[in-house]
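J.: One structure, pasted below without further comment.
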Amino acid sequence: RSEIDQFIKAFTGSHVFVAEYLVEEVLEQQTPQMQSFLLQSSILDRLTGGLCEVVTGQNRSQTILTELQRKNLFILPLDDVGHWFRYHHLFADLLQARLKQSFSPQEIHALHNRAATWFEQEGMPEEAIVHAQMASDYMLIERMVTKVGLPTILQGYVTTVEDWLHLFPQDHVEKSLKINLVWAWLFLSRGLYDQVQPLLERLTKLFAADKDANDDPSLWGEWLAIQAKHLNVQGKSVESREMCLRALDVLPISATYVRNMVHLELATAYQQSLDYEHAAEIFDMIARNAQTNGDFVVEILGLSGQARMMLTLGKLQRAFEIASQGIERLEITGKVTPFSATLFGEVGSVYFEWHQFDRAKEYFRRSTESSGLKGFSDPKIYQHVALSRMYLMDGNREAAALEMHTVEDLSRENHPVMTQEGVICQKVRVALANHQLNAAQTLLKEHGFVFESELRFPGLVSGSPITHPTGLLYNSALRYLLTKMEQTSDHAQATIDLATLVLETALRCQLASIALETLLVRSQMQAVLANEKLALADIALALELAVQEGFISIFVEEGERVRRLLTTLLKKRGAGAIQLHFIQKVLKAFPAENPNVSQEVLPETGSGKVSFSGANGEQLITPLTARELEVLIRIAAGDSNQSIAEKLVISVSAVKKHTGNIYSKLSVNSRTQAILRARQLGLLDTEVI
């Protein structure tokens, strides 16, 4: 048997002294040059010729590694071409023990320093930082962390950067301007805003004490960029926009990552100022420039930013189109970035609003897989919040509560950034569904909502803007007040007035989903007060807002009272023809086991069936054939041409011909456009997809 088999058997049997004897035997049989090579290279987790030459100072290191493998001397290949190797871990442990006996700490530090330098030059920062740490070379660690910290954060590996930053002694951190800049990016990216302020104060002092830093355009521009982001967090969009422009004026063109961050903040500032056109232009510019420069991470950030803004505005079809284009880019390039999770999550969110839960779950799953959970917890949290909402719609309160317990556990591990208000809102929903009014009140009180002798709310006045997250919180407060209204008429008029203020503000800020939810809650308030006419008017207006983009789940989520109002509106013919058809579609989405489901069917058209028509009453000039509709359904399900051919038992060329006919009849040029157009025309029902 080979020496390696003997070694493993000896060590596995706990005969350590036998293993040590074998190592000694192997070493003694080697030349002094080979002994030195084995000991010095034992600090490496993986070995290759160039790296070993730098660490050991010996030429022909690749030949030596190949020879060691040929002799079966405890070395294992890591690839099929004989480029990378590693020592058997037991052998490496014993070599390192011998190294410590034969070399001084300073000499061992020097070996790690050489390895760190090599990894740095090869663009392998994680390995470089590990060896720099072993060498206690904090200047090298600082150089690496400040160089790759922000790009690594942008790739979603937040925990990795945090681990690097914790390598530094506190006294080093307090004196290092560059390290504090990385900490600031980290806290801002994780939404730890309460921890940012002390850092900003420290950075202000460090810049004041360092004249060279003030004269360095890269450092000064990065400092302005961080302040711009912090101003956006505080809702100071005008000040943030001015700071962004100052930063762009200062930063050199070579500061690519920081300039990208500034553009993202500029788009966010425009968005907060309700200048959605300029925000969309900047997001689009970010994505196009990044694609031209081959910066895939930033390209995805630009696309997801624009799609997320469309979702915020309730433009589901446009959000679906942009996010789908991004996913198509992912599939074409084969590249992966944790922030691609946002694209999958955005498509999942659209399917959720369209009440296509199987598709939504699939995209939420892909979102979570893409995130990698490297300190970026939002996709996983959002998935469980969405599942909780689905369970609650189905009347399964226990399952909904269990999903939120999972969310709490995940939130303790990694603080959510983009989903925290959504988490709070679903906690309130679950608490109210389980008649836990005190729990709901406590959750909202933490965010400035007081429901005692008088109603007090944080900062919303007539004419002021409102953000989407803040709108979610206000609607949660309104939902709590609705529950209280069922018990007492105290504050009834004040509650209605608040709902009206939230609605007017949301409509002015073009936040369609917030306005929709407010209308549905206010309609229920009017129903509780027996104001049926006003309740139905709110429902009709909600339908008018919802039909264009196909919102369905937002109605189902409100429960039985909204179902009854929709049924009443249907019977009274209290909406236009298009909305009446849409009401039927919404009512079909409610859980079947709930009582009093309206079975009323609207009159057929003169052709003997309801025609496919969009929000404006438009119809197809040339209808799709039955086979074309089958192909369209499979396209919407995401099937490839080959898959469609197999499922429909036709040739691929026939699929392509039918697809061409579909595109022509729908006046579109792509699959994504075909799906959106078909939905507008009512060709794709929820149940079919």
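J.: Just to check, using Stokes-Einstein with a Kirkwood Rh over alpha carbon pairs, what's the diffusion coefficient of region 632-689 at 37 °C and 0.692 mPa s in µm²/s?
T.: 285
J.: What fraction, in whole percent, of alpha-carbon pairs in region 440-506 exceed 20 Å separation?
T.: So the pairs more than 20 Å apart make up 21 percent of the total in region 440-506.
J.: Would you mind getting me the FRET efficiency between Leu437 and Leu274? Use the beta-carbon distance for r and R0 = 41 Å, nearest 0.05.
T.: Rounded to the nearest 0.05, the efficiency is 0.70.
J.: Could you sort the peptides 44-55, 301-312 by per-residue average Cβ neighbour count (10 Å cutoff), highest mean leading?
T.: Those peptides, ordered most packed to least, come out 301-312, 44-55.
J.: Can I ask one more? Beta carbons within 10 angstrom, averaged per residue: use that to sort the peptides 179-187, 394-402, 276-284, highest first.
T.: With the highest mean Cβ count within 10 Å placed first, the list reads 179-187, 276-284, 394-402.
J.: How long are the semi-axes of the equivalent ellipsoid of the chain, taking √(5λ) for every eigenvalue λ of the Cα gyration tensor, in whole Å from largest down?
T.: They are 56, 32, 25 Å, listed largest first.
J.: Let me ask something else. With the convex hull built on the Cα atoms of region 218-282, state its orientation-averaged projected area in nm².
T.: 3.7
J.: Give me Rg over Rh for region 407-534, both radii from the alpha carbons and Rh done the Kirkwood way, two decimal places.
T.: Expressed as Rg/Rh, it is 0.96.
J.: Shifting gears a bit: When the Debye formula is applied to the Cα atoms of region 37-188, each taken as the same point scatterer, what base-10 log of I(q)/I(0) results at q = 0.14, 0.15 Å⁻¹?
T.: Ignoring solvent entirely, the Cα scatterers give -0.74, -0.82.
J.: For region 638-645, what does the Karplus curve 6.51 cos²θ - 1.76 cosθ + 1.60, with θ = phi - 60°, yield as ³J(HN,Hα) per residue in whole Hz, taken in order and with x for Gly and Pro?
T.: Working through the residues one at a time gives x, 6, 6, 4, 5, 5, 4, 4 Hz.
J.: Quick check: the angle from helix 340-353's long axis to the longest principal axis of the chain, C-alpha only, nearest 10 degrees?
T.: Taking Cα atoms only, the helix is inclined about 20 degrees.
J.: Under the √(5λ) rule applied to the eigenvalues of the Cα gyration tensor, what semi-axes describe the equivalent ellipsoid of region 352-480? Give them in Å, descending.
T.: Each semi-axis is √(5λ); the values are 26, 17, 14 Å.
J.: Could you tell me how many degrees, from 0 to 90 and to the nearest 10, lie between the Cα long axis of helix 420-433 and the main elongation axis, the longest principal axis, of the Cα atoms of the chain?
T.: Once rounded, one gets 50 degrees.
J.: Out of residues 5 or more away from Ile75 or on other chains, whose amide H comes under 5 Å of its own, with H placed 1.01 Å from N in the peptide plane?
T.: Amide H neighbours of Ile75, under 5 Å, 5+ apart: His88.
J.: Next question, about the same structure. Report P(r) for region 174-296: all Cα-Cα distances, bin width 5 Å, range 0 to the bin holding the largest distance, values in whole percent.
T.: Histogram of Cα-Cα distances, whole percents per bin: 2, 12, 20, 22, 22, 13, 7, 3, 0.
J.: Next question. Using 13 Å as the cut-off for backbone N distance, which residues of region 220-244 belong to the label zone defined by a point 7 Å from the Cα of Thr204 along Cα→Cβ?
T.: Under 13 Å, as judged by backbone N against the label point of Thr204, lie 227 of region 220-244.
J.: If you don't mind, another one. Roughly how far apart, in whole Å, are the Cα centres of region 246-298 and region 528-574?
T.: 41
J.: OK, next. For every helix of n ≥ 4 consecutive DSSP H residues, a contribution of -39,500 (n - 2.57) applies; sum these over the chain, divide by its total residues, and give [θ] at 222 nm rounded to the nearest 500 deg cm²/dmol.
T.: Mean residue ellipticity, 222 nm, calculated: -22000 deg cm²/dmol.
J.: Going by accessible area, probe 1.4 Å, with all protein chains left in place, what is the ranking of Val130, Val562, largest first?
T.: In descending accessible area the options line up as Val130, Val562.
J.: Here's another thing I want to ask about it. For every other residue with a beta carbon closer than 12 angstrom to the beta carbon of Lys335, add +1 if it is Lys or Arg and -1 if Asp or Glu, then tell me the sum.
T.: -2
J.: Next question. Given a Förster distance of 35 angstrom, what is the FRET efficiency for Gln170 paired with Trp84, based on the Cβ-Cβ distance and rounded to 0.05?
T.: 0.40
J.: Considering only protein heavy atoms, what is the solvent-accessible area of Lys315 at a probe of 1.4 Å, reported in Å² to the nearest 10?
T.: 90
J.: Tell me, what HN-Hα J-couplings in whole Hz come from the Karplus equation 6.51 cos²θ - 1.76 cosθ + 1.60 at θ = phi - 60° for each residue of region 119-133, using x for Gly and Pro?
T.: Along region 119-133, the couplings run 5, 4, 5, 8, x, 10, x, 4, 5, 4, 5, 4, 6, 4, 5 Hz.
J.: Would you please classify the overall shape of region 321-397 from the alpha carbon gyration tensor, given that a ≥ b ≥ c denote the square roots of the eigenvalues, rounded means a/c under 1.5, and beyond that prolate means a/b larger than b/c while oblate covers the rest?
T.: oblate
J.: Additional query: With charges only on Cβ, +1 for K and R and -1 for D and E, what is the dipole size of region 193-318 about its Cα centre, in debye, rounded to 20?
T.: Taking the Cα centre of region 193-318 as origin, the dipole is about 360 debye.
J.: Inverting the mean 1/r over all pairs of different Cα atoms, compute the Kirkwood radius of region 391-456 and quote it in Å.
T.: Value: 12.8 Å, from the Cα pair sum.
J.: Let me ask another. For the pair Glu413 and Gln101, what calculated FRET efficiency results from E = 1/(1 + (r/R0)^6), where r is the Cβ-Cβ distance and R0 = 35 Å, to the nearest 0.05?
T.: Between Gln101 and Glu413 the formula returns 0.25.
J.: Order the peptides 344-354, 149-159, 68-78, 494-504 from the highest to the lowest mean number of other Cβ atoms within 10 Å of their residues.
T.: 344-354, 149-159, 494-504, 68-78
J.: Rounded to a whole number of µm²/s, how large is the Stokes-Einstein D of region 164-221 at 20 °C and 1.002 mPa s, given Rh as the Kirkwood radius over C-alpha pairs?
T.: Rounded, D is 180 µm²/s.
J.: How far is helix 357-371 tilted off the main Cα axis of the chain, in degrees rounded to 10, range 0 to 90?
T.: The answer is roughly 30 degrees.
J.: Could you put Tyr663, Tyr382 in order of accessible surface area, largest first, with the 1.4 Å probe and the full protein assembly present?
T.: Tyr382, Tyr663
The values are calculated or read from the model by the stated rules, or taken from the named source; none is laboratory data. On a predicted model such as this, the values are computed, not experimentally measured, just so you know. Methodologically, a virtual Cβ is constructed for each residue, glycine included, from the backbone with ideal geometry; neighbour enumeration extends over all protein chains shown. The accessibility values were calculated without ligands, DNA or RNA, using every heavy atom of the protein model including side chains. Shrake-Rupley method; radii C 1.70, N 1.55, O 1.52, S 1.80 Å.
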